1. Averaged per residue, what accessible surface does the chain expose to a 1.4 Å probe, in Å²?
2. Which percent of Cα pairs goes in each bin when the distances of the stretch 11-74 are cut into 10 angstrom slices starting at zero?
3. May I have the convex hull volume per residue, in Å³, for the Cα set of the stretch 5-139?
4. For Trp31 and Leu116 in the same chain, what is the full-extension length gain: residue separation times 0.36 nm, less their Cα-Cα distance, in nm?
5. Contour minus end-to-end for Glu57 and Val71, with contour as 0.36 nm per residue of separation and end-to-end as the Cα-Cα distance?
6. Would you kindly derive the ³J(HN,Hα) couplings of the stretch 113-127 from the backbone phi angles with the Karplus curve 6.51 cos²θ - 1.76 cosθ + 1.60 (θ = phi - 60°), listing them in order in whole Hz, with x for Gly and Pro?
7. Expressed as a whole percent, how much of the Cα-Cα distance distribution for the stretch 67-122 exceeds 19 Å?
8. Mean residue ellipticity at 222 nm from the helices of the chain, using -39,500 (n - 2.57) per DSSP H segment of n ≥ 4 over the full residue count, to the nearest 500 deg cm²/dmol?
Amino acid sequence: MKTLVATLIGPDKTGLVKQLAALVRQHHGSWQGSAMSELAGYFAGIVEIQVPAEHSEALEQALTSLPDFQVQLVEGKSPSPRGQQLKLTVTANDRVGIIDEVTDIINSLNVSVKSLKTDSHPAPVTGIALFEIQSTLTLPHGQTLGDLQSRLEALSDDLVVDIELI
């Protein structure tokens with residue numbers, strides 16, 4: 001088996017995920033994981049696919065031939081670093097630089113980011129712009145949950161940090 005990671009971006013339209021799933025199946029591939037979003041009228045996604053080696057070249061050609069899409073393919077590597085898995089949610093008043101500040105702390109503690117999703121939306125009552133980060137992290141051995149939480153909470157009084165073990 002060969003593991004492929006495909007990144008795709010193109011104009012959003014109905015049926016794109018179905019088209020991609022059918023293509024993977026037609027080439028005997030197995031959809032392992034993905035992250036996909038519509039952003040500003042574009043569809044952007046990343047998909048991990050396992051495919052028998054004898055079918056990988058045909059699948060690669062089919063993926064790169066998708067109309068209206070920019071597609072990049074790479075061969076999968078070894079698994080992510082080991083450690084405690086965490087789900088992190090950070091909510092704060094939206095401001096310039098917040099994602100840079102949060103990722104600076106994550107990086108300084110040698111924490112690995114497995115997934116990251118951000119969103120900006122108005123607060124329910126006040127309408128003030130809120131920024132939310134949802135992330136899955138791997139806390140390396142020797143690092144403490146309390147250290148991560150206290151460093152993040154020190155960024156600002158308006159910042160709410162929620163961390164749960166998974």
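1. So the chain comes to 61 Å² accessible per residue, rounded to a whole number.
2. 20, 58, 20, 2
3. Per residue, the Cα convex hull of the stretch 5-139 comes to 140 Å³.
4. Here the answer is 28.6 nm.
5. Going from the current span to full extension adds 3.6 nm.
6. My calculation for the stretch 113-127 gives 8, 8, 8, 8, 9, 10, 7, 10, 7, x, 5, x, 8, 8, x Hz in order.
7. Roughly 51 percent, once rounded to a whole number.
8. -8000 deg cm²/dmol
The values are calculated or read from the model by the stated rules, or taken from the named source; none is laboratory data. The shown structure was predicted, so the numbers you read here are calculated from the model rather than taken from an experiment. These accessible areas exclude ligands, DNA and RNA; they are computed on the full protein's heavy atoms, side chains included. Shrake-Rupley method; radii C 1.70, N 1.55, O 1.52, S 1.80 Å.
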